[in-house]
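Below is one structure; the comments refer to it alone.
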Amino acid sequence: MFSLRLSGARRAALASTVLLAAALALPAARAAGFPDHPIRLIVPQSAGSGGDVVVRLLSDRMGSALGASVVVENKPGANGIVAMSYVAKSPPDGYTLLLAGVSQMSFNPKLYKNLPYDADKDYTYVAPVVDTPFVLVAGKNSPYKTLPQLIAAAKAAPNAITFASAGAGNSTHLSTELIASGAGIKLKHIPYKGSGPALNAVIGGQVDLMTSVLGSALPQIQAGNVVPLAVLADQRASDLPNVPTLQEAGLHVPPMPGWFALVGPAGMDQAVVGKLNAAVQAAIADPGVDRKLRDLYFVPLHGSAEQMRTRADQDARFWGDFIARNGIQVD
């Protein structure tokens, strides 16, 4: 009978090899069975907000693609910091995800000195989701009916014209700062707790201006409650064919990014990321979902997790420079 005898060192080496193989196989096995229970999708905004509307349109279709339910949870607060911190501390198993916006991933790290999360290290990018254009609006009783009129008045009286935002450091804040910087004017910032109260302040005449997400402002524009001055996008909005882009109005500044992306905690298995990315792409490619998103002026984004990270990094560099040059700080 043939007998194989191993030395102690060889037995130890063989045992280590077996353990390593088992360890490497474990993530693959987990990914193969993913998901086997509901996925939580955290939204850093309140119910009824733009991001909330997006994920509720996507969640059923994503769940169908994955074979498991996708449960939406709202965790608003502190310009997204509450939700970002929560997800960063969650297990990286793919069952806790976050709809993160450009504000949380690219702006906040440049605005806050003591941010309780690291946008570069604490998250795994999963998929791009949507982008959205912005529009600069004035109250219906405002004397400003065009962007050139606004710029002329602001140059004549620096810091006399007020603008609302959904909060300091929010996209609605930085977008108006971008306009002011490009035009060489000074405006006075009045932050509110959310885009709804900010837009209502413009409608009510408490504040002169606001840069709003187009989908939120459009009903008020159509009702005659606010006057659109310019669209912050590469091209005019189909529902506002007579409203120029910033570039057409003479301001040579880049379009304002308004993207949302799906992210999870750092360290997620790439096979799980691939499954989730495919589910997101299937959801936004669904004709019914695509139509509803576009009706609300959300532009579906298609691409890989790595492409989304690259875009976020580019926006962080540009806006980091802009924030530093203009001395914008939140804390």
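The values are calculated or read from the model by the stated rules, or taken from the named source; none is laboratory data. Computed from a predicted model, the values in this text were never measured in an experiment. All Cβ positions, even for glycine, are placed from backbone atoms using ideal geometry, and neighbour counts span all protein chains on display. Heads up: the accessible areas ignore ligands, DNA and RNA and are worked out on the full protein's heavy atoms, side chains in. Shrake-Rupley method; radii C 1.70, N 1.55, O 1.52, S 1.80 Å.
A few comments on the model shown:
- Residues of region 237-273 that are part of a helix (DSSP H, G or I) and touching a residue at least 60 places away in the same chain (Cβ under 8 Å): ALA271, VAL272, VAL273.
- Residue ID - nearest to PHE107 (Cα to Cα), chosen from residues in region 158-179 that are open to solvent by 30 Å² or more (accessible area, probe 1.4 Å) and assigned to a loop (DSSP other than H, G, I, E, B): ASN170
- MET256, sole failed condition from (1) at pLDDT 95 or above; (2) surrounded by 14 or more Cβ atoms within 10 Å (Cβ to Cβ): (1)
- Matching residues in region 275-291 - criterion: being in contact (Cβ under 8 Å) with a residue 60 or more places away in the chain and either outside any helix (DSSP H, G or I) or surrounded by 15 or more Cβ atoms within 10 Å (Cβ to Cβ) (or both): LYS275, LEU276, ASN277, ALA279, VAL280, GLN281, ALA282, ALA283, ILE284, ASP286, VAL289
- All conditions but one from (1) modelled with pLDDT of 80 or more; (2) more than 29 Å from ASP120 (Cα to Cα); (3) outside the structural domain of ASN277 (by the TED database) apply to GLY67; the one that does not is (3).
- Residue in region 320-331 that is aromatic (Phe, Trp, Tyr) and either assigned to a helix (DSSP H, G or I) or over 21 Å from PRO255 (Cβ atoms) (or both) present: yes
- Residue within region 122-137 that is open to solvent by 10 Å² or more (accessible area, probe 1.4 Å), at pLDDT 95 or above, within 20 Å of PHE322 (Cα to Cα) and not aliphatic (A, V, I, L, M) present: no
- Test: VAL263 is more than 13 Å from ILE179 (Cβ to Cβ) and more than 23 Å from the chain's Cα centre (by Cα): no
- Residues of region 180-212 that turn out to be part of a helix (DSSP H, G or I), touching a helix residue (DSSP H, G or I) at 6+ places or on another chain (Cβ under 8 Å), of a type outside the set (Gly, Ala, Ser) and open to solvent by less than 30 Å² (accessible area, probe 1.4 Å), as a count: 1
- When residues in region 144-157 are screened for being of a type outside the set (Gly, Ala, Ser) and in a loop (DSSP other than H, G, I, E, B), 3 of them pass.
- Residue pairs meeting the criteria (Cβ under 6 Å; at least 6 apart or on separate chains; first in contact (Cβ under 8 Å) with a residue 24 or more places away in the chain, in region 174-202; second of a type in the set (Lys, Arg)): ILE185/LYS155
- Filter pass, PHE322 being within 26 Å of ILE151 (Cβ to Cβ), outside the structural domain of ILE179 (by the TED database) and open to solvent by 60 Å² or more (accessible area, probe 1.4 Å): no
- The residues in region 292-312 that are assigned to a helix (DSSP H, G or I) and either modelled with pLDDT of 95 or more or surrounded by 18 or more Cβ atoms within 10 Å (Cβ to Cβ) (or both) can be counted, and the count is 9.
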